[in-house]
Amino acid sequence: MKRILVGLFMLAAALTAWAQSPGDKLGAGDAVHITVFQQADLTTDARISDRGTVTMPLVGEVKVAGLSQTEAGARVATALKDGKFLKNPQVSLTLTTVRSRQVNVMGLVARPGRYALDEQSSQLSDVLAAAGGIAAGGDSVITLVRDGQSTKVPVLAKGVYLKNGDTIQVERAPVFYIYGEVTRSGSYPLVPNMTVMQAIAAGGGITPRGSERRVKLRRPAGDGKFIETDIGLQETLKADDVVYVKEALF
């Protein structure tokens, strides 16, 4: 009977290890539940300290940070055995709350900062929601920085799982500016492949005094300078372009 119980205990520990992603390691701030087979008085719920340790009855502090759940359970078992408290301890350690795996959220969100990842909130959409969502003027495509590599990801993309150390950067959404003889001057969101004609339409169209043949473009050239050129209605705009519709010549 005892052998069967030990076997079931070890099977449960193995299933716990399988459920944990291979790359997941314990870290400071994580909460764990430690069970020692047939030693109910040694069952412990603990949070990993800044030193990377948990405190166990009899053996005191045991370093578990940087280990998987299975490895940490084995480390606790070794401490109990080396201390001659138990002859052959069977230890299961399970992660109950994740706080060591965090991501940075920066830029145009309601609440920039660091956010913890766990099994329920490890997707991009979950973290952005925790950060209060995209702020006014924020882009619908974010920059995800992982291991020094940047990737553009749509905010509404599904199944985008984050990893410890990721950085989410929400930039200002691209805009263009339109002035002169249009109904509604101002700045407007720039959509991909937007033409001058579409930009004029966004501005309410040309006034009776304006001319579609007299449209100027001012495009940033760096160092605070602009390049001004004539532009056709079917040409494509870029971020921060300034479209100016001039009066018609009579």
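To keep it simple, each residue is scored yes or no on (1) more than 30 Å from T143 (Cα to Cα); (2) modelled with pLDDT of 90 or more; (3) open to solvent by 40 Å² or more (accessible area, probe 1.4 Å); (4) not β-branched (V, I, T).
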| site | (1), (2), (3), (4) |
| --- | --- |
| M1 | yes, no, yes, yes |
| L5 | yes, no, yes, yes |
| A19 | no, no, yes, yes |
| P22 | no, no, yes, yes |
| V32 | yes, yes, no, no |
| E61 | yes, yes, yes, yes |
| L67 | yes, yes, no, yes |
| R99 | no, no, yes, yes |
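Looking across segment 34-59 at every residue that is outside any helix (DSSP H, G or I) and acidic (D, E), the one that is modelled with the lowest pLDDT is identified as D50. Scanning segment 60-93 for residues that are assigned to a loop (DSSP other than H, G, I, E, B) and either touching a Phe, Trp or Tyr at 6+ places or on another chain (Cβ under 8 Å) or under 22 Å from K25 (Cα atoms) (or both) gives V64, A65, G66, L67, S68, P89, Q90.
To keep it simple, each residue is scored yes or no on (1) among the aliphatic types (A, V, I, L, M); (2) out of contact with any Lys or Arg (no Cβ under 7 Å at 6 or more places or on another chain).
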{"site": "G113", "(1), (2)": "no, yes"}
{"site": "L124", "(1), (2)": "yes, yes"}
{"site": "L128", "(1), (2)": "yes, yes"}
{"site": "G133", "(1), (2)": "no, yes"}
{"site": "I142", "(1), (2)": "yes, yes"}
{"site": "Q149", "(1), (2)": "no, yes"}
{"site": "A157", "(1), (2)": "yes, yes"}
{"site": "K163", "(1), (2)": "no, no"}
{"site": "I168", "(1), (2)": "yes, yes"}
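Each residue in segment 176-186 was checked for being assigned to a loop (DSSP other than H, G, I, E, B) and either surrounded by fewer than 17 Cβ atoms within 10 Å (Cβ to Cβ) or out of contact with any Gly (no Cβ under 7 Å at 6 or more places or on another chain) (or both), and 3 of them qualify. On the stretch given as segment 221-235, residues that are in contact (Cβ under 8 Å) with a residue 12 or more places away in the chain and either out of contact with any strand residue (DSSP E or B) (no Cβ under 6 Å at 6 or more places or on another chain) or not in a strand (DSSP E or B) (or both) total 6.
Which of the residues belonging to segment 81-110 are touching a helix residue (DSSP H, G or I) at 6+ places or on another chain (Cβ under 8 Å) and either within 18 Å of I48 (Cα to Cα) or basic (K, R) (or both)?
K87, V91, S92, L93, T94, L95
The values are calculated or read from the model by the stated rules, or taken from the named source; none is laboratory data. In this text, all values refer to a predicted model and were calculated from it rather than measured experimentally. Neighbour counts run over all protein chains shown; Cβ positions are idealised from the backbone, glycine included. Just the protein is used for accessible areas: all its heavy atoms, side chains included, with ligands, DNA and RNA removed. Shrake-Rupley method; radii C 1.70, N 1.55, O 1.52, S 1.80 Å.
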